[in-house]
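Read-outs: derived from the displayed coordinates by stated rules, not from any lab. Because the structure is a prediction, the values reported are computed rather than measured. Cβ placement follows ideal geometry from the backbone for every residue including glycine, while neighbour counts extend to all protein chains displayed.
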Amino acid sequence: MKTQGNGTALDTHPPRHRVLVVTMLEGIDTKVAEIAVHLAMSIEIAGGRSAALHMLERKSYSVVVLDQMLAETDPEGADLLWRHCGFAVPLQFSLSIAGSARLERELRMALARREREQELARLAAAAEIDAEIKNAVTAFLLESQLALAEAGMPPAIEGRLQTMAEIASRLRADLRKSAATSPVRGIERSNSPK
């Protein structure tokens, strides 16, 4: 799918990745159309800073490509675009000099970098949640055990605290077991063909 500066779509199939190319270069449509097909992505073209900012407000992108010429002639505009590109990978590129093959390689690398960063962020968030749950269960177990150690506790409350301590102890054991048996997650490399 490809669009021009107004963001009007020419194809209705949503792609996995959307790229915004910001350039005033004429004839860029043919250069990016082939890349869009090869990479199975949507490449949208903004004819300048204001069109790009408008498009960035309306949609999210995987990569934002800013033409080197625009970046050099309007550095403040380039900084403004980078601040508004959200989670997109910023890519400054000389569209007038480099060929389609180089732009395609750069886009592939930017998308791979974005996917690695997203996976690392997911792993970090999962690890943080895991640590919070483990800390909460440990605190729950400790507090219930301390309360059970108090003298003169009514039997009904002591029974409830004992139940709570047992539940916390089982949860902690289950968390330890799942941590020990879960596979190491991360970025894996394989030399075997797919």
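Rounded to the nearest 500, what is the 222 nm mean residue ellipticity of the chain from helices alone, with -39500 (n - 2.57) per DSSP H run of 4+ residues and division by all residues?
-20000 deg cm²/dmol
Expressed as an acute angle from 0 to 90° and rounded to the nearest 10, what is the orientation of the C-alpha long axis of helix 75-84 relative to the principal long axis of the chain? Orientation of helix 75-84: about 40 degrees from the principal axis. Within straight-line reach of Lys59, meaning a Cα separation under 12 Å, sit the following aspartates and glutamates at least 8 residues removed in sequence or on another chain: Glu44. Radius of gyration (Cα atoms) of the range 121-181, expressed as a multiple of 2.2 N^0.38 Å: 1.39. Cβ under 12 Å from Ala112's Cβ, Ala112 left aside: what net charge do those residues give with Lys, Arg +1 and Asp, Glu -1? My count for the surroundings of Ala112 gives +1. From largest to smallest, the equivalent ellipsoid semi-axes obtained for the chain from the alpha-carbon gyration tensor read 55, 20, 14 Å. Going by alpha carbons, how many degrees (0 to 90, nearest 10) lie between the helix axis of 100-148 and the longest principal axis of the chain? It is inclined by approximately 10 degrees.
3J(HN,Hα) along the range 21-29: 10, 10, 7, 10, 5, 6, x, 5, 3 Hz, from the Karplus curve 6.51 cos²θ - 1.76 cosθ + 1.60 with θ = phi - 60°, whole Hz, x for Gly and Pro.
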